[in-house]
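Scroll down for the structure; my scribbles are underneath it.
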Amino acid sequence: MGAGLRGLDSWWVEPTDGGDTYRELVRGARLIAVVGLNLVCCGVGVVHIADPSARDSGRWLCAALVVWALMRLATRRRQTPWMLADLAVVAAMLTQAPYLTPDSAFQLAGSVVLTLALPAVTAFAIGFPTRWSLLCTLCIQIAWGIGVVRIPGAPAPWLVYLLDILFVEWLLATLCRWLLIRAAVVTDDMMVRAAKEEVASSVAVARHRTARRHCALMHDTAASTLLMVGQGAVADRGELSRQIGRDLDAIESFTNESSGERRDVVPLLQPMIRGIGTPVELTGEPELQLDADVADAVLGAVYEALTNIDRHAKATRAVVTVTRQTVSVADDGIGFSVDAEPLSRRFGVRNSILGRMEDVEGRAAIESEPGAGTTVVLAWGDMSGAVGTDLSKGVHITRKLQAMFGYGLSALAIGEVLLQCPRCIWVDTAHRWGEVLLVGVAVGLGVLAAVSVRRPISSTLLWSACAVAMAITPLQQWMLPNPELRTSANWTVWAIGLVIVALTYRQPRWQAFSALGVYWIVGSVALMMQDSSSGGVVIPLYLLVSVGVVPAAALMLTHYLAKVAANAQRLQDDHVRRVSREIAARATAEDLAERFDQISVSLVPLLKRLQDPEIDIDDPRIRMAAMIEDARLRRLFAESDNAGNGLLTALRPLIERAERRGVAVTVDSASELPSVPDAVRDRLLAVASTALADATSRGRVIFNGSAEQIGISVVSDCSANARAALESLDGATSQLVGDLVWVELTVDLPTERRLAVVG
């Protein structure tokens, strides 16, 4: 994608000038961090104050913590100084571990310091860029170590297992943030491209509307003049001559505006190339006609690229390749690092290449690596096939990021299980092999979560897996000796939550949070049933605010990632519709201009003849010629309302054959025509072909279409034999009106086609 995405190839780098999606996600991540951390602080403080075994000094510290957390929740200020103040408060609490935990068992059981440290690491990893969140994690670990050495009988700080857990939690949260930022940058890049495409598309559509206005003008002027001549209704030859003069001026204006000033770029590239010192080869199309302003921009950008090759590239050869949609300049020089030197900072590139192409709603893509040369690709107009303009790449990247997120959650869930389970195996218990079996089941569920990222599993299997995960916790607690319930040997309370998140992260948010909540309730009730002491009540509360906040934060970030992916898909869908509309508009405008040029070959000479006072405008041949040209002009205007419709396109050769026989044919459409399958089209064209093939002097074709059916009416002065042939057509009805035959046919559209209306 764009240069901004390349800057995210390192975990340490985030954009300094991100777009709206990036800024929204950064604000959202900060809000999650602030609210999550201070909810934990508030909950921890309240639980510790209510704990009968807590010391008075610890209660006073927690009371101050609750006051701070409530103030932060009320204000929700997300600026960096306030978050650093949160870090200072948490670090200060960790250093006071002797007042918050009764003895060295704090390292194995739930406690205030344990409950604060984990969510704090998660919050700062979500709220800060990677390099700063790592510093915050180190500060928390240092504060934790200071608190540890002050507790009598505690082991050395580096032997406390919590330091490993803190790093794992930081890694998880950092991965979440990095994936989100990367997805946001991709989406912002897509939004910039989409905005530029919208401008170009609007220009194309506007040109089509201009062409239609000119068709309307031809309808009101030249067609009316020709109709007067054809019907013999000219009363004043002088007025006719003046009217024809105005008609010719309008035709000339339309022709000039339709064609525009065009320039062939290829001959202009040749002298430019000869003036470059580096050997340059010109390949590709022998001719490339562009609007003058686009041609000037392309030539200027190519000259700047070639000049840069001469000055900086140290190249032995360069190639300029011309295609219908792009001009590229490639060299075999020393190249440069796009990451180390952003293109926007290179004055010549920014103004003479990127700026020039942007001014004409074009695009310049520059690819370069040290030692691999440089390639500059210039694109303009319909860029759906040009380099760097396909928004589907952005959708692919966001989907890939979602998959990476799922794999990361699965890997961390499995890692957490393996990291937390060893103590339960070391404990002298009669159920050691049962513990090993539960560990195997938990790892298997993590593998299933990873498999479901690539191949979604059924809802039945998914929720069955969640139920099995929830059952592991009470089973494992039942196997443990009672004294070990409050220690790290009770590994399921730490690890199973991540397993459930890995399984449900793609489900609706309320379902994922409900599964997480049920898991916590099941585990907490089982723990309290096994241990009826006060600790059996307090420990689950600590676990709720410490262990639960990490999976909950992961689910919240998953919601943002899903939102970004949905936005990327919406942009791609809009892109497809926009490109389709632009292609149709351009094709229509070109077709109208081409057909008007064809009509002008006979129209202009006829109008000039009618200006000649020596010409007898009552001559039947002159009148018939006027009627035919009038019909061709009116048909051109009528068909512009249904430009691109296959039915009208297929009808055109039938009309041209009739006109060559001197038959004036008009075409009208009472509504916007639907697209029709081939079988329906052939039935309708059979009516028109039969009626026009035998017409003597005039014919009129009228289409009526809706979402349910389409009909054709043809009026012509065909013979009785043709009328009999028309009546033999399936579903057709005919009647004689004076010397004219009127035939009608209505066909029901298949259900799947009824909404396929061309527009």
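Points to keep in mind about this one:
- Looking across segment 232-243 at every residue that is part of a loop (DSSP other than H, G, I, E, B) and touching a residue at least 60 places away in the same chain (Cβ under 8 Å), the one that is nearest to Met627 (Cα to Cα) is identified as Gly232.
- The strands (runs of 3 or more DSSP E) falling completely within segment 290-368 that include 1 or more residues that are surrounded by 16 or more Cβ atoms within 10 Å (Cβ to Cβ) and modelled with pLDDT under 85 map to 363-368.
- Hey, Val537 modelled with pLDDT under 70, within 20 Å of Leu37 (Cα to Cα) and not assigned by TED's automatic domain parsing to the domain that holds Val35 or not: no
- Of the residues making up segment 708-742, those that are of a type in the set (S, T, N, Q) and more than 18 Å from Arg698 (Cα to Cα) are Gln709, Ser728, Thr733.
- Yes/no for Gln735 being in the same structural domain as Ala658 (by TED's automatic domain parsing), touching a Phe, Trp or Tyr at 6+ places or on another chain (Cβ under 9 Å) and modelled with pLDDT of 80 or more: yes
- Residue identified as at pLDDT 85 or above, touching a helix residue (DSSP H, G or I) at 6+ places or on another chain (Cβ under 7 Å) and in a strand (DSSP E or B) among Val665, Val714: Val714
- For Ala233: the one exception among (1) loosely packed, with under 15 Cβ neighbours inside 10 Å; (2) at pLDDT below 75; (3) aliphatic (A, V, I, L, M); (4) in contact with a Leu (Cβ under 9 Å, 6 or more places away or on another chain): (2)
- Residue match in segment 683-698 (condition: of a type in the set (Gly, Ala, Ser), assigned to a helix (DSSP H, G or I), assigned by TED's automatic domain parsing to the domain that holds Gln735 and over 47 Å from the mean Cα position of the chain (by Cα)): yes
- Any hit, segment 467-478, residues being surrounded by fewer than 21 Cβ atoms within 10 Å (Cβ to Cβ), outside any loop (DSSP other than H, G, I, E, B), at pLDDT below 70 and not aliphatic (A, V, I, L, M): no
- Of the residues making up segment 564-573, at least one is closer than 30 Å to Ala29 by Cβ, β-branched (Val, Ile, Thr), in a helix (DSSP H, G or I) and at pLDDT below 80.
- Test: residue in segment 157-164 that is modelled with pLDDT of 75 or more, of a type in the set (A, V, I, L, M, F, W, C) and assigned to a helix (DSSP H, G or I): no
- Total residues in segment 688-736 satisfying the condition of being over 16 Å from Val747 (Cβ atoms), buried (at least 16 other Cβ atoms within 10 Å of the Cβ) and not polar (S, T, N, Q): the figure is 14.
The values are calculated or read from the model by the stated rules, or taken from the named source; none is laboratory data. Values in this document were obtained by computation on a predicted structure and should not be read as measured data. Virtual Cβ from ideal backbone geometry, glycine too; neighbours counted across all protein chains shown.
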